Amino acid sequence: MGDGFEPVHEVVDYCDGPRSGFADFRGRPHWFCAVGWLSPPEDGEAEWDVTGFDPRDNRFQLVPVAAPNGSQALARGTFRVREPAADLPAGQFRILEVHWEPYGCIFLG
């Protein structure tokens, strides 16, 4: 890694690119979730809500894993495959890394 890119540890949701998962932000593990991405179903609902999601939007909410009630951030994420990229069997993701660019303000939870 280099050029300001940090490791992506796990991708939980993927739709035209990573939408949620775990990655480092400023050297510490954070949960990331695309702005407007899946809202969990309310009691009695059967489906996730994806209204308001724009696949071209690359803004992510970042929540620190060690202190989920602590400082959170909003940042634009640029994901790429970490080089060198080994050949993998079908259905497996290549190892990713991400560059975060703070967007707007960093806020306290």
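The values are calculated or read from the model by the stated rules, or taken from the named source; none is laboratory data. Keep in mind that this is a model prediction, so the values were computed, not measured. A quick note on method: Cβ atoms are made from the backbone with ideal geometry, for glycine too, and the neighbour counts reach across all protein chains shown.
Residue by residue, here is whether (1) hydroxyl-bearing (Ser, Thr, Tyr); (2) out of contact with any Leu (no Cβ under 7 Å at 6 or more places or on another chain) holds:
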{"site": "Arg59", "(1), (2)": "no, no"}
{"site": "Val63", "(1), (2)": "no, yes"}
{"site": "Ala66", "(1), (2)": "no, yes"}
{"site": "Ser71", "(1), (2)": "yes, no"}
{"site": "Pro84", "(1), (2)": "no, yes"}
{"site": "Pro89", "(1), (2)": "no, yes"}
{"site": "His99", "(1), (2)": "no, yes"}
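Which of the numbered conditions does Asp57 fail, given that it passes all the others? Conditions: (1) surrounded by fewer than 15 Cβ atoms within 10 Å (Cβ to Cβ); (2) modelled with pLDDT of 90 or more.
With (1) surrounded by fewer than 15 Cβ atoms within 10 Å (Cβ to Cβ); (2) modelled with pLDDT of 90 or more applied to Asp57, the lone miss is (2).
In the list Gly104, Gly4, Gly109, which residue meets the criterion of being surrounded by fewer than 15 Cβ atoms within 10 Å (Cβ to Cβ), at pLDDT below 95 and touching a His at 6+ places or on another chain (Cβ under 6 Å)?
Gly4
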